[in-house]
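Student: Structure provided below as structure tokens; questions to follow.
What follows is calculated from the coordinates using simple rules that are stated; it is not laboratory data. What you see is a predicted model; the values in this text were computed from it and never measured. Don't worry about glycine lacking a Cβ; one is built from the backbone with ideal geometry, like all the others, and counts go over all protein chains shown.
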């Protein structure tokens, strides 16, 4: 649980809920299936050549979805990789803020599953590799870089970790 609290914006309750509902992360063959388990994926309405993605499915525990969305907002306020992911999805369009928030919550769920699977702590993408301790500020954001960067082959062109 303390492993998940290294993510900016994730607190005790969110970490507890994720650990309790995921239980054994190895039961998911891929990290993307965690987002589907929590209902953070869009409904799909396909017919012939037409494919429409609608609202989220809403499957799974609503409490965890709410906590992930709140952790997403907190992570966005902290800046860093979570804010960059949100801004990339939002594309400076105010109508896409809710879409970007749900995408950020989905991203957080996948990242948390990967962290539970590997046992690695959250690491901000940086050019230098420094190890510092986590010091929680009053706003819930981690202060400073945490750990070392993952290998470059696990990152896309924007520096986000590929899961």
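Student: Going by average Cβ density within 10 Å per residue, which order do the peptides 84-97, 63-76, 46-59, 24-37 take, highest to lowest?
Tutor: Taking the mean over residues of other Cβ atoms within 10 Å, the ranking is 63-76, 24-37, 84-97, 46-59.
Student: Here's something else I'd like to know. In terms of the Cα gyration tensor, with a ≥ b ≥ c the square roots of its eigenvalues, is segment 4-121 rounded because a/c is under 1.5, prolate because a/b exceeds b/c, or oblate?
Tutor: Cα axes put segment 4-121 in the oblate bin.
Student: Here's another thing I want to ask about it. Rounded to the nearest 0.05, what FRET efficiency do residue 93 and residue 16 give with R0 = 41 Å and r taken as the Cβ-Cβ distance? Could you check? Present the calculation step by step, with values, prior to reporting the outcome.
Tutor: Details: r = 34 Å, r/R0 = 0.84.
Rounded to the nearest 0.05, the efficiency is 0.75.
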